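This report concerns only the one structure given below.
The values are calculated or read from the model by the stated rules, or taken from the named source; none is laboratory data. Small disclaimer: the values here were computed from a predicted structure and weren't measured. Cβ atoms come from the backbone with ideal geometry, glycine included; neighbour counts cover every protein chain shown.
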Amino acid sequence: MQAARSKSTRWPRPTRYRRAPAPSRDPAPTPITAYLSAAGSGKSGCRYGTSPSPRRNTVEHNTTGDYHIQTALPRLNALAPAFEAETTHGRLALEDYRGTWVVLFSHPADFTPVCTTEFIEFARMAPALKERNTELLGLSIDSIYSHLAWVQAIRDKFGVEIPFPVIADGNREVASLYGMINPEESSTETSRCLFVIDDKGVLRAMIYYPLTTGRNTDEILRLIDALQTTDRHRVATPANWRPGESVIVPPPRTVEDAEARKDLGYECTDWWFCKTTVPAPGSKG
Ligand code: BEZ
């Protein structure tokens, strides 16, 4: 990850009517698009490939500090909404992570027990993510001082160093861009949302958990492995797939393809249901 941006000299931040950054353009086709286009045009049924640009999703606030939160979700396979924010590691922009995968996650509040267990487990997961060229970036609406105090408390009370930056999103700008606030659950706090953004800045996966359920780091790693395996080998991964297990070959879309695959050595249960093996993530191959 690139070095943090220089510390903001704009404190206290001016109160002004702000608009979130304009949505970015659609990205170039990714390997998933290539995989899926290998399966055909995607014109019927489930639509594959890149989607239109993300909807404009803004937070607008007035001078009294009232917020109008936007709750629309960003879209899979579109560019992840751009932002720049104050974090425990200085000012950071999503753009700074280009070339690296990012797990952007929100938690409801600092100094809460479930969130503390998540931070500890996410810190333990960080080296495994690094092996996958992936960085963690946390977020809540708490202040930077609260984040700093909580991170120190986790170190002092639990002996765990938090290695990743945490965004102080007091004005809900990033939360609004990503639809992290679910008013039916909490009108102020961010839910347990997690966004996987690939090295080209494309949003590849979203996980939403309620306030009361801590997330599973095995599943997060499995998800990254699955996405990166799809990109490398143009395959899909079946239910409960684990790295090293067989993967799904995209179904043929033409008679010619259906015939050709008979000679490709796949394990086929039927012409539309074929598996193959690929090198496990992290192995040479
Ligand atoms: C927690 O992290 O313990 C928590 C936070 C918000 C609601 C419920 C639990």
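A few notes on this one:
- Pick from segment 72-124, criterion away from the ligand (no atom under 16 Å from the Cβ) and at positive phi, ranking: nearest to the chain's Cα centre (by Cα): N77
- Evaluating P252 against the criteria (1) more than 26 Å from the chain's Cα centre (by Cα); (2) surrounded by 14 or more Cβ atoms within 10 Å (Cβ to Cβ); (3) in a strand (DSSP E or B) leaves one unmet condition, (3).
- Which numbered condition I207 fails, given (1) farther than 13 Å from V103 by Cα; (2) surrounded by fewer than 17 Cβ atoms within 10 Å (Cβ to Cβ); (3) in contact with a strand residue (DSSP E or B) (Cβ under 9 Å, 6 or more places away or on another chain): (1)
- Being among the small types (G, A, S) and closer than 25 Å to K130 by Cβ holds for only one residue in G265, G244, and it is G244.
- So E95, is it touching a residue at least 60 places away in the same chain (Cβ under 8 Å), of a type in the set (D, E) and buried (at least 16 other Cβ atoms within 10 Å of the Cβ): no
- Segment 79-91 residues that are over 15 Å from F105 (Cβ atoms) and surrounded by 17 or more Cβ atoms within 10 Å (Cβ to Cβ), paired with ones that are at pLDDT below 95 and of a type in the set (D, E) (beta carbon under 8 Å, 6 or more apart): L79/D26
- Any hit, segment 270-281, residues being of a type in the set (F, W, Y), touching a Phe, Trp or Tyr at 6+ places or on another chain (Cβ under 8 Å) and not in a helix (DSSP H, G or I): no
- Selection status of L73, part of a loop (DSSP other than H, G, I, E, B), in the same structural domain as G214 (by TED's automatic domain parsing), at pLDDT 85 or above and out of contact with any helix residue (DSSP H, G or I) (no Cβ under 6 Å at 6 or more places or on another chain): yes
- When V196 is tested against the conditions (1) in contact with a Pro (Cβ under 8 Å, 6 or more places away or on another chain); (2) surrounded by 22 or more Cβ atoms within 10 Å (Cβ to Cβ); (3) under 22 Å from E121 (Cα atoms), the lone failure is (1).
- Of the candidates R124, R98, R155, R132, the single residue that is of a type in the set (D, E, K, R) and touching a strand residue (DSSP E or B) at 6+ places or on another chain (Cβ under 8 Å) is R132.
- Among the residues making up segment 233-285, a single one is touching an Asp or Glu at 6+ places or on another chain (Cβ under 6 Å) and either on the phi > 0 side of the Ramachandran plot or in contact (Cβ under 8 Å) with a residue 40 or more places away in the chain (or both): P281.
- Some residue of segment 182-190 being at pLDDT 95 or above, of a type outside the set (V, I, T) and within 20 Å of the chain's Cα centre (by Cα): no
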